[in-house]
């Protein structure tokens, strides 16, 4: 025991302080009143538990050191005491009541979703999030933007490895924001530790939660409920901005949406489609079909040299737009824009070993979706 | 006093392999259960090794996410249903008749059958690893619809295997109850039974109550998958959350099924090595019963983020906190037993003391998890993984080790190697804490469970955890070596190798003859 303590002490001295500082080891205090309440509750309960542990283990180890046979201890023969039993039943009850009171207060506050300023519908998909700003006609998907090469250790990992997305959820500070959670497929859970919001997103049901962010910044979290293969790869990123910035962001989104609608009708060249397609492929397809289109047979077929990517264009479009029943292939018609689908199909038909020269235009896709 | 006069008239064990296939002897069946659970412990441990090797560093190195999910699922299923539960049934088979002075279990043929179902159930479960689409990959909790609509085809084999395990457990439990109620030695009233027998009696009632619930919920899955029902499919009028309610109604008592017999083991060993009677026997019995009864009304504390109404959250928070009271009573009683004793620290005692300390740590993090608002931050993180491994590994598994070291001299008539046993203990306790303590930190810092890859700020603690896990895993080979060496060439054990041990099992010779208590022992 003495050697062990000495060992721990040496380790503590040797370890540079700066190295220890990077080891995150406690719950974040967070940037909402709720998260700060929860942090306070967590620390209070933790200290109570430490105190209980010190008392119980203290008595026990004192006894272990003093009441040993090797020290000539004679065993007493008492085997019970009603008074002692009553005391150590009552004391925990009192401690538990002390814990329950602040916990109940915080919980009641967390359940008060009334009178929100902004409502956001959050839908879980395998494996990305969909955000819809209710009443604003803005909605978009948010998927992992960490390159596959970083995941497969081919390049250095960036500081936000696995906690970065293409489109962050932008929210204003100092507004009561109500979240409505649901899912398109399996159960997911939306979680941002700094907001202390975690709620299951359940297919066919809607859950509620709320937040009011006190500080601008970027807050990162992850899906918390096992939702299949890429459960570990669907992060949540919240960008908290001032109200003025939020308003201008809204305007920008609306303008971008109009531009996108117009772009469906525009004439698209091969180069443009290939560039856009590469980005779309990387975000949506590469996790299963892999960066070089080689797939992971037998579950995820290769696209490079595949009968579908080299065959009938209409069938290729049909699979991407409507998915394939009974497999992991989702229906992207609901998830991607016509431009994106056109671009990614063009990309798939003209990359790796595939050299069809086919150009699929957004207008082609739009006509399939409209029918 | 028991006398060993009639063995000569009785036949000994049959020869060859058929002895083990056809046996109805409680000692043989106990041995079979223990060997089976040891094999499963190593198979489940190998899966844990794969998990920890992948998590050694950020990035995907060894396995793909698909296979990683199969490993977490199978590790959980095998450790729970294959390692811990059969080990305790094995201990029950060996010890309950010896401790209550019965010649055998009450239903010997049922006993044979309940064991021999298990190898088939687990062969089928393990076989799914080689099926197209892979083994079950939806977590041992098998939440719908991930485990129904989105499951690999092997889910049907998983369901069948679970049914077989359930049948085995229910038959085992019936056998324990019938034996304890009908075959106690003359003069042994219920309140004179050893604590191990008491905890197993209560565990057996829990098993009978909840295994059918598990069977029901997996049958509902089966119907959803193959027969077009929609129990858990919202599109057909069902509710995915129903699955979780029914599942946890089974799985919360299941947690106590895995730990109550360990309570019993520790309640035998602490008095023996403190040379002092168990403190508060009556309150121990009532506390165990209270834990078992309360375990039926706390299940939804596993579901605080599922969107329950406020009243539900409050009810399950309060009821869960209440369980701390009887659990606390048990811990205080063990400490009270040690207090003013005359203690020695052989391997069984070391494992029992470690059980009390580390199980208490798991219990205290359990109180933290019970606080519903804080649970919104803990739920589905490594904090939960740390919590339940603290109650299951240094809890249940250390309880099993303690029991094996304590009773092995009685089973095989030879003493294990004490220094090697103590080395096994110290390496295990370092390994366990190195593995599971850092999990608290990464969990609080925001690392979700069941992910094959993680953000960079979790890297350091994950590496520590993996190193601890490799140490813990490798240490268990020492245990196997020690046990085999003991059986082959250990020193001869006395009839009662432990100075302070009490109970009928120490009144028969070591090794315990093939048939014991063919005449009931005289009233105690």
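Values in this text are rule-based calculations from the coordinates and carry no lab data. None of the values given here were measured: they were computed from a predicted structure. Cβ: placed from backbone, ideal geometry, glycine included. Neighbour counts: every protein chain shown.
Odds and ends about this structure:
- Inter-chain shielding of A:66-78 (mean C-beta neighbours from other protein chains, 10 Å cut-off): 6
- Three-way shape call for the protein assembly as shown based on the alpha-carbon gyration tensor, with the a/c threshold at 1.5: prolate
- Listed residues A:278, A:244, A:287, most fluctuating in chain A (Gaussian network, C-alpha, under 10 Å): A:244
- Note on chain A: with a GNM built from Cα contacts shorter than 10 Å, the maximum mean-square fluctuation among A:284, A:322, A:26 falls on A:26.
- Part-to-part distance (alpha-carbon centres) for the range B:269-288 and the range B:136-172, which is given in Å: 39
- Percent of alpha-carbon pairs separated by more than 40 Å within chain B: 20
- Value at 222 nm in deg cm²/dmol, rounded to 500, when DSSP H runs of n ≥ 4 in chain B each add -39,500 (n - 2.57): -22000 deg cm²/dmol
- Chain A: translational diffusion in µm²/s, Stokes-Einstein, Kirkwood Rh over Cα pairs, 10 °C, 1.306 mPa s: 63
- Look at the stretch B:437-445: the mean tally of other chain Cβ atoms within 10 Å of its residues' Cβ atoms is 3.
- A straight line joining the Cα centroids of the range B:456-484 and the range B:215-265 runs 32 Å.
- Potential lengthening between residue A:150 and residue A:57 on full extension [0.36 nm per residue; Cα-Cα distance subtracted]: 28.9 nm
- Helix-only arithmetic for chain A: the sum of -39500 (n - 2.57) across DSSP H runs with n ≥ 4, divided by the residue total, places the mean residue ellipticity at 222 nm at -14000 deg cm²/dmol.
- Centroid-to-centroid separation of the range B:351-427 and the range B:76-124 [C-alpha atoms, Å]: 21
- Computed over the range A:90-244, relative contact order equals 25 percent, with contacts defined as Cα pairs under 8 Å that lie 6+ residues apart.
- Debye-sum result for the range A:127-235 in log10 I(q)/I(0), which assumes one identical scatterer on each alpha carbon, at q = 0.14, 0.16, 0.17 Å⁻¹: -0.59, -0.77, -0.87
- With neighbours defined as other Cβ atoms within 10 Å of a residue's Cβ, the residues A:62, B:20 order from fewest to most as A:62, B:20.
- With neighbour counts taken as other beta-carbon atoms within 10 Å, the residues B:449, A:324 rank, fewest first, as A:324, B:449.
- B:382, B:390 arranged by Cβ crowding within 10 Å, fewest neighbours leading: B:390, B:382
- Highest-MSF residue in chain A out of A:182, A:123, A:155 [GNM, Cα springs under 10 Å]: A:155
- Axis angle, to the nearest 10 degrees, between helix A:2-14 and the longest C-alpha principal axis of chain A: 40 degrees.
- In degrees, nearest ten, helix B:65-77 long axis to first principal axis of chain B (Cα): 30
- 0 to 90° range, to nearest 10: angle between helix B:240-274 axis and chain B longest Cα axis: 30
- Average beta carbon contacts from partner chains per residue of A:91-98, 10 Å cutoff: 4
- Peptides B:357-370, A:260-273, B:457-470, B:84-97 ranked from most to least packed, by the mean per-residue count of other Cβ atoms within 10 Å: B:84-97, B:357-370, B:457-470, A:260-273.
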